[in-house]
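To keep things clear, I will list the structure first and then write my remarks on it.
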Amino acid sequence: MKIMVIGAGMMARAITFNLAQREEIDEICLVDREVKKAEQIADWLSDKRVVPMRLDVTAPRAVREAMRGCVAAISAVPYFLNLSLAQAAVASGTHFCDLGGNNRIVEKEFALDEQAKQARVTIIPDCGLAPGLVNILTAGAIAELTDVEVVKIRVGGLPQCPHPPLDYQIVFSPHGLINEYMEQATIIRDGKAVKLSSLTEPEKISFPGYECLEAFHTSGGTSTLPQTMLGRVANLDYKTIRYPGHLEKISAMAKLGFLDTTPRLVDEVEVIPRELAVRLLSENLSFDEPDVVLLRVTANGSIDDQAVEVCYQIIDHFDEKTGLSAMMRTTGFPAAQVVFMLASGGIKECGTLTQETYVPPKEFVAGLRRFGIGVERTVTRQ
């Protein structure tokens with residue numbers, strides 16, 4: 001069994017680490033345009049099955065040739081590259097999943113459904129934390145209930161010791177972060193799928209050890225959930241968790257145009273505000289300090305005419321032993337579990353699939369627990 005990991009950044013490190021713990025895998029082909037990054041991960045793991053290779057993922061022919069012979073591939077590069085990688089996977093007969101993060105790219109991946117079926121290839125977009133892990137937990141919670149009234153998905157990756165001014169540190173691509181803040185959020189409200197502006201409808205939320213936090217709408221966290229759960233759930237939404245005051249500051253940046261994509265002329269030099277913001281966020285918020293990921297999925301409905309709440313909760317911290325951050329673990333390990341299930345035949349359907357429909361929750365959660373992601377499940381009869 002040969003699996004390709006595309007990219008050699010933070011998330012790829014966690015994915016490769018997870019896959020390297022599985023004896024069933026014969027080879028992990030780790031590719032990146034900067035081969036030294038891949039070599040560093042291979043050296044860190046000291047596993048001969050991890051084979052670093054230089055690959056320019058913007059070169060479709062080279063990607064197709066590299067994918068041939070791999071049972072499955074997973075993309076851990078920025079979201080805007082995922083469509084071309086999915087197309088290459090179909091052409092090479094390789095199962096494919098990615099970390100997603102952009103609804104428009106995902107829609108185009110679903111347009112490959114018929115081609116993927118004809119090639120007997122499976123594509124699963126948006127694997128990771130949110131979207132990804134939360135989709136599967138949500139499906140598992142909903143499956144336990146009838147007449148589901150409300151599903152609330154709350155997720156945040158935070159520094160354990162926040163630094164001003166934003167009380168945040170970069171734990172994944174700043175391109176994806178800004179995209180989540182600026183694109184519209186899709187939710188289910190009163191039985192209908194609706195779009196809302198991100199950075200809206202703030203609420204207070206607390207976790208053990210992390211009190212008085214705030215949560216607000218952001219884009220992309222639900223991925224396909226509003227479509228697949230429409231008609232089954234009356235209300236469903238996703239909000240991102242941050243320390244108090246973060247929302248106000250990010251909203252001010254957005255209103256002032258710092259997150260715009262429209263070029264501006266500054267002293268006869270064309271500047272794209274968002275690209276500058278990405279650079280500044282990367283330079284000033286890359287503290288590389290211990291982080292925590294907080295996740296809570298609650299589904300309220302009924303069982304045998306009795307009101308019931310099913311809750312999944314995760315509080316995951318930076319792992320000192322491996323050096324993997326909580327965000328790397330909770331994003332990379334779920335993605336690794338999905339690509340392993342694709343490669344090992346645990347998911348047999350072909351085409352472009354929604355993970356909340358086709359990834360079996362029990363097996364998936366068992367895979368997470370095996371590698372130290374503590375998923376707490378509670379059922380409360382009300």
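Descriptive notes on the structure:
- For segment 3-158, the Rg and Dmax computed from alpha carbons only, in angstrom: 16.6, 53
- Inverse mean reciprocal Cα-Cα distance (Kirkwood Rh) of segment 143-200, Å: 14.4
- Remark: relative contact order (the chain) = 20 percent; criterion is Cα-Cα distance under 8 angstrom and separation of 6 or more residues.
- Under the simplified labelling scheme, the Ala366-Met53 pair shows an inter-label distance of 3.2 nm, with each label point 7 Å from Cα along Cα→Cβ.
- Only Cα sites of segment 100-210 enter the Debye sum here, all with the same form factor; the resulting log10 I(q)/I(0) across q = 0.11, 0.13, 0.16, 0.17 1/Å is -0.51, -0.71, -1.05, -1.16, listed in q order.
- Segment 41-98 - Rg over Rh from alpha carbon coordinates, Kirkwood radius: 0.98
- Sorted by Cβ neighbour density within 10 Å, fewest at the top, the residues Ser75, Ser92: Ser92, Ser75
- Highest mean packing first, where packing is the average number of other Cβ atoms within 10 Å per residue, the peptides 109-115, 94-100 line up as 94-100, 109-115.
- The distance linking segment 40-78 with segment 145-190 is 29 Å (Cα centroid to Cα centroid, whole angstrom).
- Every Cα-Cα pair of the chain was included, and the share exceeding 26 Å stands at 51 percent.
- Values of log10 I(q)/I(0) for segment 271-351 across q = 0.14 Å⁻¹ run -0.84, by the Debye formula with one identical scatterer at each alpha carbon and no solvent.
- With the convex hull drawn over the C-alpha atoms of segment 239-382, the volume per residue is 217 Å³.
- Local electrostatic count at Ala59 - Lys and Arg +1, Asp and Glu -1, tallied over other residues with Cβ under 12 Å: +2
- Based on C-alpha pairs under 8 angstrom that are at least 6 apart in sequence, segment 119-215 has a relative contact order of 12 percent.
- Cα shape, segment 213-278, gyration tensor, a/c 1.5 rule: oblate
- Entries in Lys48/Lys362; Lys204/Lys321; Lys2/Lys36; Lys36/Lys249; Lys108/Lys195; Lys239/Lys321 that, when Cα-Cα distance is taken, lie over 27 Å: Lys48/Lys362; Lys204/Lys321; Lys36/Lys249; Lys239/Lys321
- Mean Cβ count within 10 Å, highest first, over the residues of peptides 9-18, 299-308: 9-18, 299-308
- Cα centroid of segment 256-283 to Cα centroid of segment 298-355, whole Å: 36
- Charged side chains reduced to their Cβ positions (Lys and Arg at +1, Asp and Glu at -1) give the chain a dipole of some 640 debye around its Cα centre.
- Cα gyration tensor, segment 156-272 - rounded (a/c under 1.5), prolate or oblate: oblate
- A cut-off under 13 angstrom between Cβ atoms defines the neighbours of Arg264, and their net charge, with Lys, Arg +1 and Asp, Glu -1, is -4.
- For segment 334-382, the alpha-carbon radius of gyration amounts to 1.33 times the rule-of-thumb value 2.2 N^0.38 Å expected for a compact globular protein.
- Counting every alpha-carbon pair across segment 86-142, the share separated by more than 12 Å comes to 65%.
Where a number appears in this text, it was derived from the coordinates with a stated rule and is not lab data. In this text, all values refer to a predicted model and were calculated from it rather than measured experimentally. We place every Cβ from the backbone using ideal geometry, glycine too, and count neighbours over all the protein chains shown.
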